[in-house]
Structure formats: C-alpha cells, structure tokens
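The values are calculated or read from the model by the stated rules, or taken from the named source; none is laboratory data. Everything quoted here is computed from the prediction, not taken from an experiment. Here the Cβ positions follow ideal geometry from the backbone for every residue, glycine too, while neighbour counts run over all protein chains shown.
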Amino acid sequence: MNDSTFKKNILCIGAGYVGGPTMTVIANHCPDYRITVVDISEEKIRRWNSDHLPIFEPGLKERVDRVRGKNLFFSTDIDRGIAEADMIFVTVNTPTKTFGEGMGRAVDLQFMEQTARRIREHASSDTIVIEKSTIPVRAAETLEKILSTNPNGVRFEILSNPEFMAEGTAIQDMENPDRVLIGSMDTPEGLRARDELLAIYNRWVAPEKIITTNLWSSELSKLVANAFLAQRITSINTISAVCESTGADVTQVADAVGRDSRIGSKFLRAGVGFGGSCFRKDILSLVYLCEHYGLAEIAGFWNYVIQLNDYQMERFVRRILHAMFDTLVDKKIAVFGFAFKPNTGDTRDAPSIYICKRLLEEKARLTVNDPHALENAREDLKGLDGAGFEQDPYKAAEGAHAIALLTEWDCYRDLDYRRIFESMEKPAYLFDGRNHLDHDALYAMGFNVYCVGKPDRDHFA
Ligand code: UDX
C-alpha cells in the first residue's frame, strides 16, 4: 500500500510505555491506516526501529515486527508528522510537578502545552487530537484554547481516550480490554470525531465494551479507576496491620471478603505498598483537583490513601528493626526484588526505594538482587553508603542476617532455601513483603519468618 492509498494518517506524539504499544496494536488491526509514532528522543526512536525495543512487553516485539515499515513507522520528524496527520494521539509524559505552585501534587502540563502549540503551528488540515496521557480533568479545555488560536483556519476536535493498560500485560490489556473509553464534546463535530475513533476500535473490540461519555467524565474516570485500585490495596494493607496484631491471616481474610461478588477478589493482595508510575501521581492529581474546587474533605480522604501507603512501607521497616533486636547497624540484609512489581525492570515509585533508604538510614548493609531491575536500582540508590548490588540471589544472601523480599518474582520461589539458610548468619530472618514464599517450609528449615498480615513466626522461646 503506498501513502495515498492509506485511509487515514495517524500520528502519535510520545513513544513511551503508552504510545509505542498502543500504536503497535492499532497498526496490527488497521493495515489500511498509516501510523507514525514520533518522539523528541532520537535514542528512543532508534531503538523502536531496531531489534532492541526500548520497552519490554510480552507480545510486543512480534507485533512490531509484523507491521513496522508497512503501516507503522517511528520517526523524530514531529512537524512533518503533524502536517500529514488526520488524527493525533498525544501520549507525552505528564509527571507530578516538582516546582512552584502545586509542587508534589499537581500534574506538570508543560509537555502537553508544548505539544499543543506545536500541533497548532504545523497542522495543515482539520485534525482530531486525542488525549491519551493521564491528565487533570478539564485539560481538554486548555488544549482547545491553545489550538483554537490557529491562524490558518484549521479546525481541531479534541477527544479523551484514556489508557488503562498495566505494565507487563499491556498488549493483552489492549487486545482484550475490559472497556475502551472515548470522551467527546456533545456537538455534531465532536460526535463525528468520536465516530472516527470508534471506527478504529471497532476493528477488534466488541461494541458493548466501548463506552462513550462527555470529555470531563472520560478524563475523570481514568483518575478514579487508578484511585480506586490503589485504595483497595491500601484497604487490605490496613487490615494486614490488624491481622499482625490479632493473629488473623490477611490472605484468608482477603479470600473470604473477596468471594463476595460485590467486592471481588482482585487487587486484594496485601504487601509492602503500591508503587509504579501511576497510582501515587493520579491520586495526587485527584487531591489537587478536589482542593481546587474547595472540596477539602474529599481531598483529605484521598490524600490519606497515600499517607497510609507510606505508613505500610514504614511499618515493614519497623517490623524488621524490632524483630532484629532494635538495631540494624552493620547487619547485612539481602533485598530480593526491587522492581515495583514483577515482570518489569521499572522501579518508578517502587516501595523498595523507600524501604531500602530507611534500612540504610538504620545503617544496615544491603545487597540488592533483582532479575531485571538492578540497573535502575543502582540509579535509585546512587551515592548511598552501604548499598550493594548482586545479580546472583545466592551470593546476595551469603552471610546475610536477613532476607527482605519486596517484589514477588517467580524465580524467588524456585531457590534452594536450605542452601541459602546454611550460608546465612544465625538467627536467620526472612521478611516476606509480598507473602510469596512457602512460609511453613521456611520456618521448618530454621528461618524466623515474618510476613505481611500474619503473626510473627520465630524460634525464640
Ligand atoms: C496501573 C493500573 O493497573 C493500570 O490500569 C493503569 O493504566 C496504570 O496503573 P501498573 O502501574 O502497571 O498499572 O501496575 P499494577 O499492576 O496496577 O500494580 C501497581 C502496584 O500495586 C504494584 O506496586 C503492585 O505490586 C501493587 N499491588 C497490586 C499490590 O500491592 N496488591 C495488589 O493486590 C495489586
């Protein structure tokens, strides 16, 4: 198919975790659409054009191979991409502000605004602009204001189409989504634009899974979905504290509670706290939004979810400290797992960062092990005294006083813990922050075992 025979030109600005996989899936289902993904980072684009993609997601590579160079292209020529596009997905990053008003809570919209100005400058015909990055409610209004100052008479229609994929299952989440959400203006032009986007999703998503709403509901739903998920984790984590004190077992409680179909069983795994690039950021954004509208009580409620998440991490550290006779000075702790969840090397906002820093403050010596996140872990703990890194878990545990498991990688289940126990200082402690290992077996081997939401199991009389 040559350029002129493509039905539409789609552009995606931002070749990150969202843009790359999303466009790959669309390109696979829409061979008659020409899709170009652009980014300011030459390195990122070079890797998207190579055999070493900049992100790892199961199922991604084979899908890229199938369509790259046919109807999927990666480029740094943003302006040309804009000029040729009928539809533009915006997937630039929208981090939490680290300066000025709203610092630490509000979303930093500078990349969004720069992108809007660039689109306004280079668009050569009427264009649909689709917000896919997670942004504050009513961000579409800002986009609209900037785009409408276009001097060439080009018209823009803005849609919101938030992404719900999770890392590690991105392709699966997109191929078989629980729902697709499209928000538009309730005007004839808005609805026409919405239908053009619907035509894309209709290729592989059942109509009953596609929800259409107004723009603001769509923008808000994304924040709320992440806030609810994070809040569920926090809810079960609060109960884990109650379990540790009372002798109840949080896994059993979660199972009993989750079997109520009104509650559901997912996202009820107690642990050391939630991490990742979205949950904290999106709750903070919701908090900021509530404060902006004078809803102090609601802001307080959501803010407390974050505070409790921080408390869960701190609680884990204190449990280690108290179990080990209230001092960690010069004790070696092997950290099993650093990524914010398994099957990714991503460590953004990982609980391990906070926990490791606190353990180092207590002057423990750490040896961090992770099958895929050691490079990031080095960066996250750079310059901190006492932090070591080891790719081999057996070596990491050698001579250690304790193991702290922070990410539930499968590989940690398959280790020879008898061998590990023999190589450790005694008494040997195991703190399972994800309730991932066989605690009975470990206890029988001689470990003092401490798991989230379960009573202590030590060998002291
Ligand atoms: C999340 C949302 O799931 C996704 O829909 C959204 O688009 C982006 O944010 P992600 O950050 O990739 O996805 O990870 P997720 O699998 O949701 O896990 C987030 C954190 O919660 C991890 O640190 C994980 O360990 C923790 N978690 C999850 C728990 O502690 N307990 C659980 O039961 C589930």
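Here are the numbers for this structure:
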| read-out | value |
| --- | --- |
| From the options Thr22, Thr36, residue that is in a strand (DSSP E or B) and hydroxyl-bearing (Ser, Thr, Tyr) | Thr36 |
| Selection from segment 228-264 of residues that are of a type in the set (S, T, N, Q) and more than 10 Å from the ligand (Cβ to nearest atom) | Gln231, Ser235, Thr238, Ser240, Ser245, Thr246, Thr251, Gln252, Ser261 |
| Glu175 being surrounded by fewer than 17 Cβ atoms within 10 Å (Cβ to Cβ) and under 19 Å from the mean Cα position of the chain (by Cα) | yes |
| Residue match in segment 63-76 (condition: among the aliphatic types (A, V, I, L, M), more than 26 Å from the chain's Cα centre (by Cα) and farther than 18 Å from Lys132 by Cβ) | yes |
| Residues being surrounded by 16 or more Cβ atoms within 10 Å (Cβ to Cβ) and either in the same structural domain as Leu143 (by TED's automatic domain parsing) or closer than 14 Å to Pro177 by Cα (or both) - total across segment 205-221 | 2 |
| In segment 277-314, the residues that are within 12 Å of the ligand (Cβ to nearest atom) and either in contact with a strand residue (DSSP E or B) (Cβ under 7 Å, 6 or more places away or on another chain) or within 23 Å of Ala139 (Cα to Cα) (or both) | Ser277, Cys278, Phe279, Arg280, Lys281, Asp282, Ile283 |
| Qualifying residue in segment 329-351 (condition: part of a helix (DSSP H, G or I) and either over 30 Å from Thr169 (Cα atoms) or in contact with a Leu (Cβ under 9 Å, 6 or more places away or on another chain) (or both)) | yes |
| Unique residue being out of contact with any strand residue (DSSP E or B) (no Cβ under 7 Å at 6 or more places or on another chain) and either at pLDDT 90 or above or within 22 Å of Asn9 (Cβ to Cβ) (or both) when the list is Ile130, Ile146 | Ile146 |
| First in segment 349-367 and within 15 Å of the ligand (Cβ to nearest atom), second anywhere and basic (Lys, Arg), Cβ under 8 Å, 6 or more apart | Asp349/Arg280; Asp349/Lys281 |
| Leu289, sole failed condition from (1) without any contact (Cβ under 8 Å) to a residue 24 or more places away in the chain; (2) buried (at least 18 other Cβ atoms within 10 Å of the Cβ) | (1) |
| Ile135 touching a Leu at 6+ places or on another chain (Cβ under 8 Å) and not acidic (Asp, Glu) | yes |
| Residue match in segment 87-110 (condition: closer than 29 Å to Ser285 by Cβ, in contact with a helix residue (DSSP H, G or I) (Cβ under 6 Å, 6 or more places away or on another chain) and basic (Lys, Arg)) | yes |
| Asn176 being among the polar types (S, T, N, Q), more than 16 Å from the ligand (Cβ to nearest atom) and more than 20 Å from Ser218 (Cβ to Cβ) | no |
| Any hit, segment 154-161, residues being out of contact with any Cys (no Cβ under 7 Å at 6 or more places or on another chain), within 16 Å of the ligand (Cβ to nearest atom) and not acidic (Asp, Glu) | yes |
| Among the residues listed as Thr98, Thr94, Thr115, the single one being in a helix (DSSP H, G or I), closer than 23 Å to Leu223 by Cα and among the β-branched types (Val, Ile, Thr) | Thr115 |
| Ala225 being within 23 Å of the chain's Cα centre (by Cα), under 16 Å from Asp349 (Cα atoms), small (Gly, Ala, Ser) and surrounded by 17 or more Cβ atoms within 10 Å (Cβ to Cβ) | no |
| Residues (touching a residue at least 12 places away in the same chain (Cβ under 8 Å), surrounded by fewer than 20 Cβ atoms within 10 Å (Cβ to Cβ), part of a loop (DSSP other than H, G, I, E, B) and not charged (D, E, K, R)) located in segment 144-172 | Thr149, Asn150, Asn152, Val154, Phe164, Met165, Gly168, Thr169 |
| Breaking point among (1) within 13 Å of Pro162 (Cα to Cα); (2) within 14 Å of the ligand (Cβ to nearest atom), for Ile210 | (2) |
| Subset of segment 118-143 that is over 28 Å from the mean Cα position of the chain (by Cα) and outside any loop (DSSP other than H, G, I, E, B) - its residue that is nearest to the ligand (Cβ to nearest atom) | Thr127 |
| Per-region count, segment 371-414, residues part of a loop (DSSP other than H, G, I, E, B), buried (at least 21 other Cβ atoms within 10 Å of the Cβ) and touching a strand residue (DSSP E or B) at 6+ places or on another chain (Cβ under 7 Å) | 3 |
| Selection count, segment 214-224, where residues are touching a Leu at 6+ places or on another chain (Cβ under 9 Å) and within 15 Å of the ligand (Cβ to nearest atom) | 6 |
| Conditions (1) within 13 Å of the ligand (Cβ to nearest atom); (2) part of a helix (DSSP H, G or I); (3) aromatic (Phe, Trp, Tyr); (4) touching a helix residue (DSSP H, G or I) at 6+ places or on another chain (Cβ under 9 Å): number failed by Phe267 | (2) |
| Conditions (1) in contact with a helix residue (DSSP H, G or I) (Cβ under 7 Å, 6 or more places away or on another chain); (2) within 16 Å of the ligand (Cβ to nearest atom); (3) among the β-branched types (Val, Ile, Thr); (4) closer than 22 Å to Pro95 by Cβ: number failed by Thr344 | (1) |
